[in-house]
Structure formats: structure tokens, C-alpha cells
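Novice: I'd like to ask you about the structure that follows.
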Amino acid sequence: MSARQWAFDSVMAVALAGAYAAQMVRWLRVLQREHYEPTSMRRFLGRWSTPQVASAKSVERLKEKRPVTLSHVLIIALVAATVLRVDALIVLVTVLYGFFCPQGLSMKGRTSALHWTRRLTVAAIVVTLLSVAVGVAGLFSVRPWLAFVAMVWAVPVTLDVSARLLAPYERRHSQKFVDQAVARLARVQPRIVAITGSYGKTSTKNHLGDLLGGDAGVVASPRSFNNRSGLARAINENLADGTRIFIAEMGTYGPGEIRELCSWCPPELAIVTALGPVHLERMKTMEVIDQSKFEITEHAHTVVVNIDDDRLGRWVARLAASGKRVRTAGSVNAAASVRVTSDLATWSLMVDGVTVATLDQVHGVQPTNLACAVAGALELGLTNEQVAARVSKVTAVANRSNVASAASGVVVIDDTYNANPASALSALTLLGSLPLSGRRVIVTPGLIELGDEQYGANMELGRRAAAMGVTLVAVGRTNVKPLQVGYFGTLQRFDTRDEAVSWVRSTLVAGDGVLYLNDLPDHYP
């Protein structure tokens, strides 16, 4: 091999290694943000490979669409170079792809930096070993460069494979923490309340904690620690001796997960807040969501259900027939045992048809979630009088329809943690109800993980905003098309939330109001 050829090969090898590392950092961040779900690689590769809408400040610019992305151009170039057998061009195209694609999916991340945890490190090692195996095998082929090129292009695929291979190992690794949690539960022996729902579970958990807050020995799982590892961690770190009641939030991405949680953290009382198309992208049908949430009732002696939700209303007879005690809650359905009804700015708390308390409306608190929490408190032994005395202490959960006034005089609704159709329309209604003298603006990337219903839900959000005369500011491109179709007027669009916030601060004045609805991490396009 000549010195010139050796130098050329060395440069190509270093360039390909750099391109591979750049792809790894991008896609490892996606894998981590998506909780190591293997299929997330395929879904996000598809999202980032679709044609992009050009960065736009208004609908006029929105009409300018790129027919193809840089990824598409480079793929076409790769195919041509491979057919023509031009190795140098193959490497060049691959290096460009590795460092610059997908466009917008940054290596560093604006909202979610890569955290080198044990699990991520193991995943990175396994995927690298898989990639190296492909590269070494390619050395024995006629065109060995193609194998190393494939390593760069196939990072999402090999991450998918590695996540599947590692799933049994990770489950065994986490089992010791589950065993510790089981032992702690057995020693402390708290009464366990489990809460689930497509939405509203975190708020209901916090409201129930507020109602029980006057009693010592009440512990709730923090934030959204609602899967196997998170729940075990919540128990191991927070369940002190003397804890009488443990409130456990339980989430699921599919059948069997809640059943498994309840097998080692069995609830005495289960509360189910709502069923909706959240995570429909993963679970495919509402029937699967229904079945997955119903698993929380299997160990419970008593179940609280929100019968404003028609699907949950159908659970009542089924649960009663199986011998469960059922307490119904709601804000609309007059048949609910516990109701929080709204009369403009005043709420009434009714138990079995009797009004036990009235209170001023609390922005950021959904009356149905409050009713579910009150029903749970009553089942845990609080009296009507105790609930009436404490219900005014219930507060809104952070980032869920919180209303505040900025120094500029602009009224701000922070609803960045809500991402389902029902709460989105509720927040929009809240924006419309505020006594503002100026403009009303909604800043949103739209709603996600709704499967086949996502386009229609975002189109409806845009339509409702237009009907209310609200200025729509779309962030990113994930849902900009359906938002625009529904809005059917001039909207603003920005690539990032920071850009949208800058526009709000420079444009809105005292008397105006802005709703920040949902806030997608930047691994979404």
C-alpha cells in the first residue's frame, strides 16, 4: 500500500469514526428520552425523515416547503455513488450525513442533554460492539468500506436491536430495587392508594395529598415516578417508618405493566381519572388503553372512577359484579357520588347529593380531578366535615394551567405539562375566560402520541383557537400542518420555543394574555 493510499484510508477512517460518533450521540439522546423503548428509534427516524416545512414567521412563508430534506439528497447521492462504485464519494456522503443529519436533531440538545447513566453507557457499549462486528465482517468482503459506511447509517437500527437485547438484562438489574421496595412495604405496611388514568393522575395524586396533608404519615410518589423503576425508587427513597398511607401513581405504555406493578405494590384503593387517546401511538386502540388501565382494579378492594368519562362509567357495573366497592366521581354527571360543580367563579362540592362546601375556583385545578381526590379521601376515612375544611387548601400542580401576571402586565397561563386533547381545550377555554383587554395568544407545538387521532386533534385545536379569535403560534414542525389546516388563517411559526417566547415578550403588552400549551423536548422535529 502506498503512503498516499494509506493516508487517504486513514483520513476516511477517522472521518467515518467521527460521523459514527455524531450519529450515536444524537440517537442515544432520543433513546434515553423515550425511556429505552426500542420502537422509538423507528418512529423518530420516520419523523425526522419527512420533508420539513421551512422556518416561517407567518403563513405566507409557511407555504414554502422543501420538497426534500438534506437526508433525502444524501441518500440519493449514496445510492448513485454505490452504483458507480466511487468509494471516496460514498464516504464523503456518509460523513456529511453523520455530522449534519437529521437536520435539527442536535448532538448537544437545547432541552435535554445526554446524561451518561449506567444504563445509557451499557447501551452505548452494546451498540458499538454490534457496529464493530458489522465492520469487521465487512473487512472480508470485496468492498470493505461499505460495512463501515453501514455502521454510520444504521445507528438507529442497531440501537433498536441493542435495546431489545438488553431488555431482559435491565429487568434483572432493576429487580433488586423492586425486591428492596417489596421488603420496605412489608416492614412499613402502609395503606396503598394507586392512581392511574390517561391524564389527570399526577394532579389527582397531588390533590389527594393536599387533602390528607393535615395527617402525619402520608407519602406520595414524587413527580412522575410511575413506572417499575420509578415506583421502586419512590418507595426505597421516601417510604419512612411510620408511613400510614402511600399514594402511588401508576402509568403504562401497554398491557401487563400496571398488573405487574400491582403484584408487588398492591393497592387497597384504586383511583382512575380518565381514559383517552394518550399514548395511542404505542397502544394502537382505545380498547387496549381501557384494558391496560383496568388492571389497576384487580387487587383493590375499593375503586374510585370518574363517570364523566363514558368508558369509565361502563366499568361501574363490571366492578360491582366482581365484588368491588365502587365510589363514583365527576363534575358533569349528576349520578356521581362526589361532584365538584362549577357556577362561574364558584365551585360546590357535593357528596351524595348534599353540598358540603363551596369555594372559589382555583385556576389550574380541574373539578373532575378534585372530585376524584375527594372521593379517595372519603374512602380513606376523612369525614365530610374534614374534607370541607381542607378542600380550600388544594392547589394547582406546577405547569398545569397555572395563571400568573408577568412584570410586563401580560397574563401568562403555564400549561406546558399538559398534552392531551381534553386538557388542551380546557386550557384554551380558560384563556378565553380571562378578563383581558387585549390579544389572546396560544404558543404550542401541538399534541403528540395520539396515533391516527393526532392529525384530527391538532386540527381541532387550531379550529378552536381560530373560533375564539386567539393568535396561534406553532412551535416546531411536528404538528404544524394540522394546526394550520384547522386554524385556516395567519399563524406564527418558530423552530424553537425560545424563539416563540422572544416573540411573545417583544410583541405582547399589558392587557394581553398568552397560553403556553405543551412543551416538547427538542428530539421532536
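Novice: Just from its helices, what would the mean residue ellipticity at 222 nm be for the chain, if runs of 4 or more DSSP H residues each count -39500 (n - 2.57) and the sum is divided by every residue, rounded to the nearest 500 deg cm²/dmol?
Specialist: -15500 deg cm²/dmol
Novice: Moving on. Please identify the DSSP H helices in the chain that span no less than 24 Å along the helix axis (Cα) and have a mean Kyte-Doolittle hydropathy of -0.5 or more.
Specialist: Passing helices, by number: 3-33, 118-138, 155-188.
Novice: Beta carbons within 10 angstrom, averaged per residue: use that to sort the peptides 269-278, 513-522, 314-323, highest first.
Specialist: Those peptides, ordered most packed to least, come out 269-278, 513-522, 314-323.
Novice: Please go through the residue pairs K201/K393; K108/K201; K108/K284; K108/K393 and name each one whose alpha carbons sit more than 30 Å apart in this structure.
Specialist: K108/K201; K108/K284; K108/K393
Novice: Okay, moving on. May I ask you to give the average projected area over all directions of the convex hull of the Cα atoms of the chain, in nm² rounded to one decimal?
Specialist: With every direction weighted equally, the projected area is 27.9 nm².
Novice: Then there is this: Only counting other Cβ atoms within 10 Å, I'd like F140, F8, F494, F148 sorted with the fewest neighbours first.
Specialist: So the ranking, lowest neighbour count to highest, is F140, F8, F494, F148.
Novice: Now for a separate question. Considering all alpha-carbon pairs of the range 262-351, what whole percent are spaced by more than 17 angstrom?
Specialist: Tail fraction, whole percent: 53.
Novice: Across bins of 5 angstrom width beginning at 0, how are the C-alpha pair distances of the range 402-517 distributed, in whole percent?
Specialist: 2, 13, 25, 27, 21, 9, 3, 1, 0
Novice: For the range 189-393, with equal point scatterers placed on the C-alpha atoms only and solvent neglected, what are the log10 I(q)/I(0) values from the Debye formula at q = 0.07, 0.10, 0.17, 0.19 1/Å, to two decimals?
Specialist: -0.18, -0.38, -1.14, -1.40
Novice: Would you mind ranking I413, I247 so that the residue whose beta carbon has the fewest other beta carbons within 10 Å leads the list?
Specialist: Listed from fewest to most nearby Cβ atoms, that is I413, I247.
Novice: Right, next: Ratio of the range 91-185's C-alpha Rg to 2.2 N^0.38 Å, to two decimals?
Specialist: So the range 91-185 has a normalised radius of gyration of 1.43.
Novice: Additional query: Just rank H363, H523, fewest to most, by other beta-carbon atoms within 10 angstrom.
Specialist: H363, H523
Novice: If amide H atoms are built 1.01 Å from N in the plane of the peptide, which residues on other chains or at least 5 residues away come under 5 Å of the amide H of L447?
Specialist: none
A short reminder: the numbers here are calculations on the coordinates, not readings from a lab. On a predicted model such as this, the values are computed, not experimentally measured, just so you know. Backbone-built Cβ (ideal geometry, glycine too); neighbour counts: all protein chains shown.
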